[in-house]
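Report on one structure; see the data block that follows.
Rule-based calculations on the coordinates, nothing more; no lab input. Since this is a predicted model, take the numbers as computed values, not measurements. A quick note on method: Cβ atoms are made from the backbone with ideal geometry, for glycine too, and the neighbour counts reach across all protein chains shown.
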């Protein structure tokens, strides 16, 4: 199952703005590491940042929301996250076309 995660923090909790390289490593450095993703049972497919807005976006694959929560733990003291299950749009369109053809 695919999940789209939006994480938001503030300037006051931003590891980069605080100028703390160890905090950057422990938070975002961990979140974007393949080792961390594998350890908690998710596959990190992509990650993006809107740095001025202190917002990051992740697409992860996991078999449960709990595993996505474990993936997010390094970031949760910094701010909040919204997790949504999503589907691959081209696959969804293809599936819908097939359903319509059967009608």
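Overview of results
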read-out	value
Meets criteria (surrounded by fewer than 18 Cβ atoms within 10 Å (Cβ to Cβ), free of Cβ contacts under 8 Å to residues at least 40 places away in the same chain and either touching a helix residue (DSSP H, G or I) at 6+ places or on another chain (Cβ under 6 Å) or farther than 23 Å from residue 88 by Cα (or both)) for residue 26	no
Subset of region 38-75 [under 17 Å from residue 86 (Cβ atoms) and in a helix (DSSP H, G or I)]	65, 67, 68, 69, 71, 72
Check on residue 11, under 15 Å from residue 57 (Cβ atoms), surrounded by fewer than 14 Cβ atoms within 10 Å (Cβ to Cβ) and either in contact with a strand residue (DSSP E or B) (Cβ under 6 Å, 6 or more places away or on another chain) or touching a residue at least 40 places away in the same chain (Cβ under 8 Å) (or both)	no
Candidate set from region 49-68 (those that are surrounded by 11 or more Cβ atoms within 10 Å (Cβ to Cβ), within 12 Å of residue 7 (Cβ to Cβ) and without any contact (Cβ under 8 Å) to a residue 60 or more places away in the chain); member that is nearest to the chain's Cα centre (by Cα)	58
